[in-house]
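The values are calculated or read from the model by the stated rules, or taken from the named source; none is laboratory data. These figures come from a predicted structure and were not determined experimentally. Don't worry about glycine lacking a Cβ; one is built from the backbone with ideal geometry, like all the others, and counts go over all protein chains shown.
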Amino acid sequence: MWEKHCDKHLRSAGFVPIGDEWRSVYYHKVLRIMLVVYVDDFKMPGPVEHMDAGRLAVGQHIEIEPPTPLGLYLGCVQRQLRSTSPDGTPVTCVEYDM
């Protein structure tokens, strides 16, 4: 029931599933945000300037808590890293350490 409820409201907020084989992974084309839903955990990478709008879109119909610092997720310790893409653009990455 939760999965159907969540899917319905995420779609109404502009998120679309990226494919049938990845039902819990969504993308918001306007905000350029990817959203991964695992039970009641929401991971939302995307441009930092769109994060507030992304949280508002999700929170319109789904009660969510404020963001928390990186920590343990699916048995992996997460660490935030800064790097540079091949074209020289600075990027923020998340490392999942098992």
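For the stretch 1-33, what are the residues that are of a type in the set (Phe, Trp, Tyr) and in a helix (DSSP H, G or I)? Hits for the stretch 1-33 are TRP2, TRP22.
No other residue among LEU81, LEU10 is modelled with pLDDT of 90 or more and touching a Cys at 6+ places or on another chain (Cβ under 8 Å) apart from LEU81.
Is it true that some residue in the stretch 40-58 is within 14 Å of the chain's Cα centre (by Cα), closer than 19 Å to LYS4 by Cα and of a type in the set (Lys, Arg)? Within the stretch 40-58, one or more residues are within 14 Å of the chain's Cα centre (by Cα), closer than 19 Å to LYS4 by Cα and of a type in the set (Lys, Arg). Any idea which of MET51, MET44 is surrounded by 10 or more Cβ atoms within 10 Å (Cβ to Cβ) and in contact with a helix residue (DSSP H, G or I) (Cβ under 8 Å, 6 or more places away or on another chain)? From the options MET51, MET44, the qualifying one is MET44.
Of the strands (runs of 3 or more DSSP E) that lie entirely inside the stretch 34-98, those containing 1 or more residues that are more than 26 Å from ARG11 (Cα to Cα) span 76-84, 90-97. Taken over the stretch 62-98, the criterion of being closer than 18 Å to MET34 by Cα and over 16 Å from the mean Cα position of the chain (by Cα) is satisfied by VAL91 alone.
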